[in-house]
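In what follows, a single structure is set out as structure tokens and then discussed.
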Amino acid sequence: MNNALKTTALLGLLTGLLVLIGGYFGGTQGMGIAFVIAFLMNFGSYWFSDRIVLAMYGAQAATETEAPDLYRIVRGLAQQAHMPMPRIYIIPTETPNAFATGRNPEHAAVAATQGILRVLNEEELEGVLSHELAHVRNRDTLISTVAATLAGVIVMLARMAMWMPFFGGGGRDEEDRGGGMLGFLFLAILAPIAATLIQLAISRSREFQADESGAQLSHKPYALASALQKLEVAANRLPMDANPATSHLFIVNPLRGNALFRLFSTHPPIEERIARLRALRV
């Protein structure tokens, strides 16, 4: 299954989980309220995502005079992709990393750290920037927001359900629900975990897709593979002080952790990404 179909299937699974929980909960009104709250929260973030995340990391707008090589590479890739030229920002940190943000190609921004400009050669930097422009062209910000909204509704419904027994609430009686205590445990505990794992799987699928699309844009999958290897080593040596809520934006996960952390990572294993890139023929 290719990454686009996988993303569609995962979004369908997330939607199905929401419908299942709504049916168990028995209250379309409660589900509607949770959906509206999640929609407003996540789409508000989606609409202002570029300003929020750039400010969060102290990114500074860079002129073409200040970053001529960065401008030249991004402009060339944007022209190849038939996209408007995104705004360019520099993040004042020595940890090499980069991300793209913005609700659509017309409102896109590409941010690179000072460290990545020092660590990567020109071909590797081109590979990274092609990956980031692929995220913009593939509308991954929108896809991530839809997934976050669906997962958010599930988590809200689960929290509401946990308080139901204390207030004698419930949409239907235990017999109609057919699940009893097992159904309640699934709703309150397992469903949010399942929703989170599906949301993370969508994020990992979009990373694979951006790797592939970026490699096709630059025609240099080997350069992106080499860059990923360097960035992963650097991230382990010099971890970045990053907010977990925005870690999915970066080309390499700025957060580090153990095996459990990797299970809940927004990024696929770097070894698998590199192997897929090396196997590409573009």
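Scanning region 97-113 for residues being in contact with a Gly (Cβ under 8 Å, 6 or more places away or on another chain) and either among the β-branched types (V, I, T) or farther than 20 Å from V233 by Cα (or both) gives a total of 2. Checked against (1) in contact with a His (Cβ under 7 Å, 6 or more places away or on another chain); (2) crowded, with 22+ Cβ neighbours inside 10 Å; (3) β-branched (V, I, T), V282 passes all but a single condition, namely (2). With touching a residue at least 24 places away in the same chain (Cβ under 8 Å), in contact with a helix residue (DSSP H, G or I) (Cβ under 7 Å, 6 or more places away or on another chain) and more than 19 Å from S226 (Cβ to Cβ) as the only criterion, which of T95, T149 stands out? None of the others qualify; the one that does is T149. Checked against (1) closer than 20 Å to A81 by Cβ; (2) assigned to a loop (DSSP other than H, G, I, E, B), E212 passes all but a single condition, namely (2). Apart from one condition, R276 fits all of (1) among the basic types (K, R); (2) at pLDDT 95 or above; (3) in contact with a His (Cβ under 8 Å, 6 or more places away or on another chain); the exception is (3).
In region 253-263, the condition of being at pLDDT below 90, assigned to a helix (DSSP H, G or I) and over 19 Å from the mean Cα position of the chain (by Cα) is met by at least one residue.
The values are calculated or read from the model by the stated rules, or taken from the named source; none is laboratory data. If you're wondering where the values come from, they're calculated on a predicted model, not measured in any experiment. As a convention, Cβ positions derive from the backbone with ideal geometry for all residues, glycine included, and neighbour counts pool all protein chains shown.
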